[in-house]
């Protein structure tokens, strides 16, 4: 007897993924106010009812979308860890990878979510939890890629400063293409970071 559950589960997963990706696109393009469940469902090519089956509220849909895409990007960075150079160029490569986390549609979508959360207590509670989780995972990934021991004094702060710097540069990039200046800043920061964590390398 043919098991119909697996094809149905596959369709459900595909529908969910299409909704999450469409939500990110909508949020980046039209912001929170324009990213209604109906608009996202239409872009994803599914019915509103199907969208609400997976995500009962807009808050569920949009925060899940940011979490999903961020996890996908972190997984992609981890998969490229083996491609990173060894020696002096590694720190620069890691800094560049972190910077890529804060440019593009995903970060733009997250900014719209932050702005909406600043005046919506219910949404803010969810966004704070999401950002704390993303922050922890990104910090852990940066430590792993740099190959440094966080217990060494100053290392945690140096890595966190790298994330904060990349976030700030990504924010500036939303208003204008700041690529050349950003590259110069990141090169200088990579040199400073390399010196700051030199004694914390894990053998």
Would you mind telling me which numbered condition in (1) within 23 Å of residue 24 (Cβ to Cβ); (2) loosely packed, with under 12 Cβ neighbours inside 10 Å residue 167 fails?
(2)
Inspect the range 116-126 for any residue being within 15 Å of the chain's Cα centre (by Cα) and either more than 16 Å from residue 179 (Cα to Cα) or surrounded by 18 or more Cβ atoms within 10 Å (Cβ to Cβ) (or both) and give the result as yes or no.
no
Confirm whether residue 102 is touching a residue at least 24 places away in the same chain (Cβ under 8 Å), surrounded by fewer than 19 Cβ atoms within 10 Å (Cβ to Cβ) and touching a helix residue (DSSP H, G or I) at 6+ places or on another chain (Cβ under 7 Å).
no
Can you tell me which of 155, 159 is buried (at least 18 other Cβ atoms within 10 Å of the Cβ) and closer than 14 Å to residue 94 by Cα?
159
Of (1) surrounded by fewer than 13 Cβ atoms within 10 Å (Cβ to Cβ); (2) modelled with pLDDT of 90 or more; (3) within 29 Å of residue 9 (Cα to Cα), residue 39 satisfies all except one. Which?
(1)
Residue 152 being in contact with a strand residue (DSSP E or B) (Cβ under 9 Å, 6 or more places away or on another chain) and at pLDDT 90 or above
no
Checking the structure you have, find out if any residue of the range 70-85 is without any contact (Cβ under 8 Å) to a residue 24 or more places away in the chain, under 24 Å from residue 20 (Cβ atoms), more than 15 Å from the chain's Cα centre (by Cα) and assigned to a helix (DSSP H, G or I).
yes
Residue match in the range 70-80 (condition: farther than 28 Å from residue 115 by Cα, touching a helix residue (DSSP H, G or I) at 6+ places or on another chain (Cβ under 8 Å) and surrounded by fewer than 20 Cβ atoms within 10 Å (Cβ to Cβ)):
yes
Can you say whether residue 34 is over 26 Å from residue 174 (Cα atoms) and free of Cβ contacts under 8 Å to residues at least 60 places away in the same chain, as far as the supplied structure shows?
no
Can you name every residue in the range 127-143 that is exposed (fewer than 14 other Cβ atoms within 10 Å of the Cβ), more than 13 Å from the chain's Cα centre (by Cα) and closer than 25 Å to residue 197 by Cα?
140
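The values are calculated or read from the model by the stated rules, or taken from the named source; none is laboratory data. Fair warning: this is a prediction, and the values are worked out from it, not measured in the lab. Don't worry about glycine lacking a Cβ; one is built from the backbone with ideal geometry, like all the others, and counts go over all protein chains shown.
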